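The values are calculated or read from the model by the stated rules, or taken from the named source; none is laboratory data. Fair warning: this is a prediction, and the values are worked out from it, not measured in the lab. When we count neighbours, we look across all protein chains shown, and the Cβ atoms used for this are built from the backbone with ideal geometry, even at glycine.
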Amino acid sequence: MNNLTTRKLTTIAMLSALGFAAVAFIRIPMVLFLEYSPKDVIIVLGGFIWGPFTAIAVSLITSLIELFTISSDGIIGFIMNVLASCSFACTAAFIYKKDRTLRGSIIGLVSGTLAMTVMMIIWNYLVTPIYLGYPRSAVVELLVPAILPFNLIKGGLNSAIVFLIYKPIVTALRKTVMKDDLITVEKGKVHPGMVIVAGVVIVTCIMVVLAMRGII
């Protein structure tokens, strides 16, 4: 096993541990049974660094650990977690791999958010009646007022956080496990304008969630 492979596996292990910590310690109730966790942010980081297959690996490992430790949702929850994470992170990582620029990252994350939203609407329609025992007609009534905005907000928050932490995380990895092998990542500082935009997106998402919960 060469050094690059070893470092890649080390990074996957680190990101999987961070992803599990994110879902174990940060779960924010949003609407109905839906909770937000920044786990997908970690998965996207892996995808941006090494490509979509790394995103799949981190998603599977994190979801498996969650399944056998803190999850009460069983195999259905595991499947839904993997589908949501992979549809978002793999879409974003695939596009970013083709265009490693600010534009590529924006298009990738927006496309990932839309892909996750469509995927989760379809799979909640199929699985939620089995999972929660809701009549399918009741699930249909939840798709637009609950499932749709939840996934759009989730994708918006994840995308904004990725913009804020991606460069610092990559810089730290360059100095530790990755060293000079991390040659495919675009170098440069975080763009000040994107920091402002990311901050506005985060604040907007938080305000929408508070409004949906009747707090404001």
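For the stretch 117-126: of the residues being surrounded by fewer than 17 Cβ atoms within 10 Å (Cβ to Cβ) and hydrophobic (A, V, I, L, M, F, W, C), which is farthest from ILE153 (Cα to Cα)? Applying the filter and picking the extreme gives LEU126. Do we find a residue being modelled with pLDDT under 90 and either in contact with a Gly (Cβ under 7 Å, 6 or more places away or on another chain) or not in a helix (DSSP H, G or I) (or both) anywhere in the stretch 44-57? Looking through the stretch 44-57, at least one residue is modelled with pLDDT under 90 and either in contact with a Gly (Cβ under 7 Å, 6 or more places away or on another chain) or not in a helix (DSSP H, G or I) (or both). For the stretch 77-101, the candidate set comprises residues that are not basic (Lys, Arg) and not in a helix (DSSP H, G or I); within that set, the residue that is farthest from ALA160 (Cα to Cα) is ASP99.
The set of residues in the stretch 164-210 that are modelled with pLDDT under 80 and of a type in the set (Gly, Ala, Ser) comprises ALA172, GLY188, GLY193. Considering PRO145, PRO135, the condition of being modelled with pLDDT under 95, in contact with a strand residue (DSSP E or B) (Cβ under 9 Å, 6 or more places away or on another chain) and not acidic (Asp, Glu) is satisfied by PRO145 alone. Exactly one residue out of LEU109, LEU114, LEU45, LEU83 is surrounded by fewer than 18 Cβ atoms within 10 Å (Cβ to Cβ) and not acidic (Asp, Glu): that is LEU114.
Table: residues versus (1) in contact with a Ser or Thr (Cβ under 8 Å, 6 or more places away or on another chain); (2) touching a residue at least 24 places away in the same chain (Cβ under 8 Å); (3) among the aliphatic types (A, V, I, L, M).
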{"position": "PHE78", "(1), (2), (3)": "yes, no, no"}
{"position": "ALA89", "(1), (2), (3)": "yes, yes, yes"}
{"position": "THR101", "(1), (2), (3)": "no, yes, no"}
{"position": "GLY104", "(1), (2), (3)": "no, no, no"}
{"position": "SER111", "(1), (2), (3)": "yes, no, no"}
{"position": "THR117", "(1), (2), (3)": "no, yes, no"}
{"position": "ILE121", "(1), (2), (3)": "no, yes, yes"}
{"position": "VAL127", "(1), (2), (3)": "no, yes, yes"}
{"position": "LEU132", "(1), (2), (3)": "no, yes, yes"}
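Of the residues that sit in the stretch 61-75 and are more than 16 Å from the chain's Cα centre (by Cα) and touching a residue at least 40 places away in the same chain (Cβ under 8 Å), which one is farthest from GLY46 (Cα to Cα)? This residue is ASP73.
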